[in-house]
Structures are given as C-alpha cells and as structure tokens.
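Written below as structure tokens is the structure these notes are about.
The values are calculated or read from the model by the stated rules, or taken from the named source; none is laboratory data. Please read these numbers as outputs of a predicted model, since none were measured by experiment. Here Cβ is always computed from backbone atoms with ideal geometry, including for glycine, and neighbour counts include all displayed protein chains. We work out accessible area using only protein heavy atoms, side chains counted, and drop any ligands, DNA or RNA first. Shrake-Rupley method; radii C 1.70, N 1.55, O 1.52, S 1.80 Å.
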Amino acid sequence: MKDKIVIVTGGIRGIGKAISIAFCKAGAKVYAFGRNLPNSKTDFSNDETVINNIEFVKVDVSNLEFVSDAISQIAKKESRIDILINNAGITKDNLIIRMSESDWDDVIDINLKGTFNCIKATSRIMMGQRYGRIINIGSIVGTIGNAGQTNYAAAKAGMIGLTKSIAKELASRNITVNLIAPGYVDTDMTNKLSDEQKEFFMNNIPLKRVANADEIADVVLFFASDSAKYITGQVLHVDGGLAM
Ligand SMILES: NC(=O)c1ccc[n+]([C@@H]2O[C@H](COP(=O)([O-])OP(=O)(O)OC[C@H]3O[C@@H](n4cnc5c(N)ncnc54)[C@H](O)[C@@H]3O)[C@@H](O)[C@H]2O)c1
C-alpha cells in the first residue's frame, strides 16, 4: 500500500477507524471522511505512522456537492486517488408501521446515496489513471433482510446492485469494485442493540463470537491488494458464518 492515496468514508470511528489505521500502517496516505472529526491526530491514534499518514476531512457523504469539492481538492493535491472505501453508514431502526419518512430517507441518503456520491466523484479520476479499487461496506442484512431494518436492509441491498453495475462499467479501466458484508461487529453502532438482540446473534453465529473491527479491515486490505486484482463485482460475507 506504500504511497497509495486512500479515502475512507466514516473513517473516524468503529470499522472505518480500523480501516484507516490498517491502511496508514501499510504505508498508504489516508483521507478519513467524517461528519465529526477528532480534535487532533493524537486524539485519534498515538501511533507515529498513523499520525504521519492520516488526514481528516469534514464532509457529509449524503451531499454530492460537498463530496465532489472534497474529492477534487484531494485529487488536485495528490494527482491521483487509488482506493475508495465507502464505509460511512447509519441505522435508524423501527418496524415499518412506525418508521418515519425521514428515518427512511436519512438511512438511504447516507448508506446508499453516499456511496453513489463518492463513487461518482472519484470514478473519472480512477478512469483517467487506469487504476482503482473501490470497496463498499454493506451488511449481511442486505442479503438476508432483518425485521425492524427495512430502510437499512434496502440501502445495503441497493449497494449490492450498485457494486455489480459499477464493476461492469469500470472493469475495462482496471478498476475493481467489491462489497464486504459484515455480520455483527463490536462498534458503537451495535452497542445500541438490546440484550435480547445481542443474544440472538450470539446464538446464531457459528463461530460463537462477535467480530472486532480489525477483522473487517483485514479483508478490506485484501480486496485493495494486488492479490485480489482479478476479483470484481463480488459480495463477501465476513460474519463468522451467520448468513450461510
Ligand atoms: N457494526 C456492525 O455490526 C456492522 C455490521 C454490518 C455492517 N456494518 C456497516 O459498517 C459500516 C461502519 O459501521 P460501524 O459499526 O463502524 O458504525 P459507527 O456508527 O461506529 O461508525 C460509522 C461512521 O460513519 C460516519 N458517518 C455517518 N454518517 C455520515 C455522513 N453522512 N457522512 C460522513 N460520515 C458519516 C460516522 O461519523 C462514523 O464515523 C457501516 O456502513 C455499517 O452499516 C456494521
């Protein structure tokens, strides 16, 4: 990953933070996008390599204009963008009869439209340089559904169609596009689950444990590496066997 220019959306905490740190440690220069940024680089990490290789960018991925501005500034400074990781995501769970229109819109706008926005702003740059790796973070819920998450499951399922379509559009320019679908990962997002929901997952994960964010970051690194250069348009569940 030495000197690769990488964008990680939602790269400030949770899975995104683990991805940002993994790429920094592998020698890449990482631009971590987020709505709320750390006060300083040392608040984010005390690792010297991470501090040297990370930049924070305040941007809301659901807004195409903000995303386009941020990405064109990075491209101007670095002359290239090698890897885009669409990780920013939110949940606003409720049963369909209680789900508000704004909760539907917010989840679709950040998870699905945010992914479209970042790919739209980056793909021309990657096409010009005849190289790119796009890795989208979906969820197993996009494949198997989940009661109480119609908005989130629809957004994550939409990301699968988007991944495969863009993989077909950009393959001739040496750009691969893949999606990683985590199961249950220990982050702030899942800390919100009820004890009953947590127990359900634990009982149904064949590996009998929750993932940590680093285990997702490892797979992102693989998809971005040369070892995965012949893989595109794929969905990989990283879920301890939950969604078999
Ligand atoms: N935690 C899990 O078990 C799990 C499982 C499957 C999929 N995922 C997916 O993994 C990704 C990361 O999840 P996480 O658990 O680390 O969540 P998290 O809530 O800890 O982190 C999400 C990050 O996205 C950022 N973000 C949210 N809205 C944004 C916006 N509009 N613009 C820019 N950044 C924004 C947040 O600031 C935060 O840094 C999400 O796409 C999520 O859907 C998580």
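Side notes on the structure shown:
- Considering only Asp105, Asp82, Asp214, the mean-square fluctuation computed in a Gaussian network model of the chain, springs between alpha carbons under 10 angstrom, is largest for Asp105.
- Spin-label zone in the range 1-19 - amide nitrogen under 18 Å from a point set 7 Å from the Cα of Asp226 along the C-beta vector: 1-5
- Formal net charge of residues neighbouring Ile83 (Cβ-Cβ distance under 10 Å; K, R +1; D, E -1): +1
- Accessible area of the chain belonging to carbon and sulfur atoms, whole % at 1.4 Å probe: 50 percent
- At the residue level, Thr49 shows approximately 60 square angstrom of accessible surface with a 1.4 angstrom probe and all protein chains present.
- Centroid-to-centroid separation of the range 159-201 and the range 35-114 [C-alpha atoms, Å]: 15 Å
- Helix axis angle, 195-204 relative to the chain longest principal axis, alpha carbon, degrees: 80 degrees
- Charge dipole (the range 83-201, unit charges on Cβ, about Cα centre) - positive-most of Ser102, Ile144, Asn178: Asn178
- Accessible area (Å², per residue) of the chain, counting only protein heavy atoms and a probe of 1.4 Å: 49 Å²
- For the chain, the longest principal axis of the Cα atoms and the long axis of helix 14-25 meet at an angle of about 30 degrees.
- Counting only alpha carbon atoms, the long axis of helix 114-129 and the longest principal axis of the chain meet at about 30°.
- Taking other residues whose beta carbon is less than 15 angstrom from the beta carbon of Thr115, and scoring Lys, Arg as +1 and Asp, Glu as -1, yields +1.
- Residue among Arg173, Arg80, Arg133 with the largest mean-square fluctuation in a Gaussian network model of the chain, springs linking Cα atoms under 10 Å: Arg173
- GluC sites (Glu not before Pro) restricted to DSSP loop in the range 142-244 with at most 16 other C-beta within 10 Å: none
- Packing, as the average of other Cβ atoms within 10 Å across residues, places the peptides 218-225, 7-14 in the order 7-14, 218-225, highest first.
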